[in-house]
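The values are calculated or read from the model by the stated rules, or taken from the named source; none is laboratory data. Predicted model only: the values in this text are computed from it and were never measured. Cβ coordinates were reconstructed from backbone atoms using ideal geometry, including for glycine residues, and neighbour counts include every protein chain displayed.
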Amino acid sequence: RTVYVNGEFVAEEAAKISVFDRGFIFADGVYEVSSVIGGKLIDNAAHLARLARSCKALSIDLPASGDEITAIQKELITRNDLDEGVVYLQVTRGAADRDFPFPKVATPSLVMFTQVKTLVASKAAEAGIRVITTPDLRWGRCDIKTVQLLGAVLAKQAAADAGVDDAWFVDAGGDVTEGSSNNAYIVKDGRIITRALSTALLPGITRASVVKLAAETGMTIEERPFTVAEAQGADEAFVTSATTFVTPVIRIDGAKVGAGTPGPVARRLREIYINHALKTAV
Ligand code: PMP
């Protein structure tokens, strides 16, 4: 596999980053994951716009323009002959002697790699996934897509230990914030309910597309918090992200959601989203 590191395309075994890189030392960096279908990038412009927003929020200088980053993403797709999967990209503040405040001189690092994944013909989407809920122990700026992901790591490990697929974060007030790496939704009486954007959750790129597509299709969307009990009593539940598109959730903490099988709204939205993705891929 060829990876990209600070201006160079190199074999993954030969790729090098400083041990003083602040991404490694402080998780002082941000990332994006763009999906690839048929060798083309899905919703990529929106991912790069969020990258710019994340960098701005942390005062990290973007090391390349959106067009330059897109060109590198495409070059990597070509070099790795990637048909279906993801391009991961990460920007960190760069390497400097260890000290907390921003260094006076540091050149931001830009790293990218590809991963092969089956996205469209996903078994998880076909069968639906089971989730547990877990206290949201993350920090107060979950709207910034930082590489500081221990909250998600521990939540996903708890899910694996419980023998299920994923975890939903629950805030101190008992409301669901989002999934460990996706946005969370429920459906009740035909209405789609998802938490409104705030500093408590990531503004998902897939969320933005799905909310827009659902509205265009005449579906009703209610942006408000919901509790675990409300989710367990819903007709359907689902998650969205760049890698899962729209994936039904069939059990929450062991309780069946609806019939305990993927519901019609989630299925329809998945189909609509994939059509949009294929039509707009670049
Ligand atoms: N929330 C969190 C915490 C995530 O990590 C992700 C995936 N990066 C999402 C939501 C979904 O965002 P997107 O649709 O942009 O992949």
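General observations
- Checking SER54, SER122 one by one, the residue that is within 13 Å of the ligand (Cβ to nearest atom) and either of a type in the set (Phe, Trp, Tyr) or more than 15 Å from ASN6 (Cβ to Cβ) (or both) is SER54 and no other.
- Here ALA127 meets each of (1) in the same structural domain as SER18 (by TED's automatic domain parsing); (2) among the aliphatic types (A, V, I, L, M); (3) surrounded by fewer than 19 Cβ atoms within 10 Å (Cβ to Cβ) with one exception, condition (1).
- Restricting ALA231, ALA242, ALA214 to those that are buried (at least 18 other Cβ atoms within 10 Å of the Cβ), modelled with pLDDT of 95 or more, outside the structural domain of SER35 (by TED's automatic domain parsing) and under 24 Å from LYS117 (Cβ atoms) reduces the list to ALA242.
- Residue match in region 191-207 (condition: surrounded by fewer than 20 Cβ atoms within 10 Å (Cβ to Cβ), away from the ligand (no atom under 16 Å from the Cβ) and free of Cβ contacts under 8 Å to residues at least 40 places away in the same chain): yes
- Taking the numbered list (1) surrounded by fewer than 19 Cβ atoms within 10 Å (Cβ to Cβ); (2) assigned to a helix (DSSP H, G or I) in turn, VAL265 passes all entries but (1).
- Every listed requirement among (1) in contact (Cβ under 8 Å) with a residue 12 or more places away in the chain; (2) surrounded by fewer than 20 Cβ atoms within 10 Å (Cβ to Cβ) is met by VAL187 save one, (2).
- If you check THR92, THR78 for being in the same structural domain as GLY29 (by TED's automatic domain parsing), crowded, with 19+ Cβ neighbours inside 10 Å and polar (S, T, N, Q), only one passes: THR92.
- Selection within region 6-54 - part of a strand (DSSP E or B) and within 18 Å of ARG93 (Cβ to Cβ): ASP21, GLY29, VAL30, TYR31, GLU32
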